[in-house]
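Below is one structure; the comments refer to it alone.
The values are calculated or read from the model by the stated rules, or taken from the named source; none is laboratory data. On a predicted model such as this, the values are computed, not experimentally measured, just so you know. A quick note on method: Cβ atoms are made from the backbone with ideal geometry, for glycine too, and the neighbour counts reach across all protein chains shown.
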Amino acid sequence: MRIKHFIPVAVAVIFLYFLFKYGVFWKLKEIFSALRPEYLILSLLFYTSTYIFRALRFSVMFPSIPVSELSAVMGVHTFFNNLLPFRSGEASFPIILKKLFGVDAAISSVALLLVRVLDVLSLSLLFSISAFVVATQKTELLWIPLLISVALLGALFVGAKLLKKLKDKFSVVGMVFSFLQGFVSPSNLLRLSAFSLLTWLFKFISFFFILKAGGVELSFFQTTFASTFGELTSILPVHSIGGFGTYEAGLTGGFALLGIKTDRALTVAFYFHLLLLLMSAVLAALGWSFLSFRLKKRQGA
């Protein structure tokens with residue numbers, strides 16, 4: 001068995017061990033039996049809104065594509081990102097745009113890279129704010145937002161310097177600069193940044209209601225703080241299908257920093273992940289159906 005196949009299996013086996021060790025399946029029944037549907041509906045509404053903001057963000061760069069169709073693309077693209085390891089689901093975005101709308105894969109990939117940079121900035125901003133708020137009650141956590149801020153500024157500085165040096169040496173880097181210079185204006189960049197921030201803000205509000213639906217009483221800032229650790233695991237090379245195991249590890253670590261006991265933290269993390277994947281799958285199915293309908297309609301025209 002190759003190492004790339006062995007690691008996901010090993011992660012899944014270790015994850016199952018801890019699920020049984022802490023009796024998560026039995027405790028999970030208690031959460032689901034007491035679910036509050038009104039909070040689940042609110043969570044789904046806010047989560048769906050993030051797809052619209054993502055679509056609006058890409059509509060700034062691809063104005064010829066309707067926002068409704070871009071929203072459907074976001075549904076399929078996000079599901080593959082949640083399902084596949086090491087962000088390999090990102091490849092679905094240029095593939096879909098090429099197949100359905102004739103957008104050059106290199107152009108859509110550069111656009112995707114730009115929004116991912118804005119995602120990192122938005123996530124870092126919201127996480128830093130939430131960490132500072134949480135640290136007012138747990139001062140030992142104050143080092144986390146400080147470290148994140150310094151690391152982010154350092155990464156942006158080094159990245160900008162590196163791109164300038166590589167601009168004339170590698171065609172792909174030159175393409176990035178060419179696309180950005182031809183598209184990015186202060187007004188466009190402001191709109192992209194606003195949509196990115198709204199995407200993450202509404203996503204964390206959705207997370208807040210997922211937890212509330214399961215009887216987990218955390219504030220919005222505590223939810224943002226803890227769930228960020230889960231979100232960051234999606235970029236790890238050690239990743240199982242659907243992120244099972246690694247996503248829970250990140251969430252459990254975030255909950256543990258808030259003082260939640262390990263068995264409770266793991267149970268809540270597993271519940272959280274299941275609900276998130278379920279919402280993602282439902283929206284992906286709707287998006288896929290909508291795109292298939294539009295494709296057949298175009299072919300029949």
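When Phe207 is tested against (1) surrounded by fewer than 23 Cβ atoms within 10 Å (Cβ to Cβ); (2) modelled with pLDDT of 95 or more; (3) under 13 Å from the mean Cα position of the chain (by Cα), only condition (1) is not met.
Summed over the stretch 219-271, residues that are more than 26 Å from Thr136 (Cα to Cα), outside any helix (DSSP H, G or I) and among the small types (Gly, Ala, Ser) total 2. If you go through the stretch 14-68 and keep only what is closer than 26 Å to Arg191 by Cα and of a type in the set (Gly, Ala, Ser), you end up with Ser43, Ser49, Ala55, Ser59, Ser64, Ser68. Among the residues of the stretch 252-301, those that are more than 22 Å from Leu218 (Cα to Cα) and of a type in the set (Phe, Trp, Tyr) comprise Trp288, Phe290, Phe293. In the stretch 110-125, the residues that are within 22 Å of Phe225 (Cβ to Cβ) form Cβ pairs under 6 Å with partners that are in a helix (DSSP H, G or I) and of a type in the set (Phe, Trp, Tyr), at six or more places apart or across chains, as follows: Ser122/Trp200; Leu123/Trp200. Criterion first (more than 20 Å from Leu35 (Cα to Cα) and of a type outside the set (Lys, Arg)) does Tyr271 satisfy it? The answer is no for Tyr271. Within the stretch 73-110, the set of residues being within 30 Å of Val11 (Cβ to Cβ), touching an Asp or Glu at 6+ places or on another chain (Cβ under 9 Å) and of a type in the set (Phe, Trp, Tyr) comprises Phe80 only.
Output the number of residues of the stretch 198-213 satisfying the condition of being touching a Lys or Arg at 6+ places or on another chain (Cβ under 8 Å) and either in a loop (DSSP other than H, G, I, E, B) or over 16 Å from Leu118 (Cα atoms) (or both).
Initial filter on the stretch 198-213 (touching a Lys or Arg at 6+ places or on another chain (Cβ under 8 Å)): 199, 212-213.
Within this subset, residues satisfying the condition of being either in a loop (DSSP other than H, G, I, E, B) or over 16 Å from Leu118 (Cα atoms) (or both) are 212-213.
Here the count works out to 2.
Checked against the criterion of being crowded, with 20+ Cβ neighbours inside 10 Å and among the aliphatic types (A, V, I, L, M), the candidates Leu286, Leu251 yield just one match: Leu251.
Going by the structure shown, is Lys21 in contact with an Asp or Glu (Cβ under 8 Å, 6 or more places away or on another chain) and without any contact (Cβ under 8 Å) to a residue 60 or more places away in the chain?
Details: in contact with an Asp or Glu (Cβ under 8 Å, 6 or more places away or on another chain): no; without any contact (Cβ under 8 Å) to a residue 60 or more places away in the chain: yes.
Considered against the rule, which asks whether it is in contact with an Asp or Glu (Cβ under 8 Å, 6 or more places away or on another chain) and without any contact (Cβ under 8 Å) to a residue 60 or more places away in the chain, Lys21 comes out as no.
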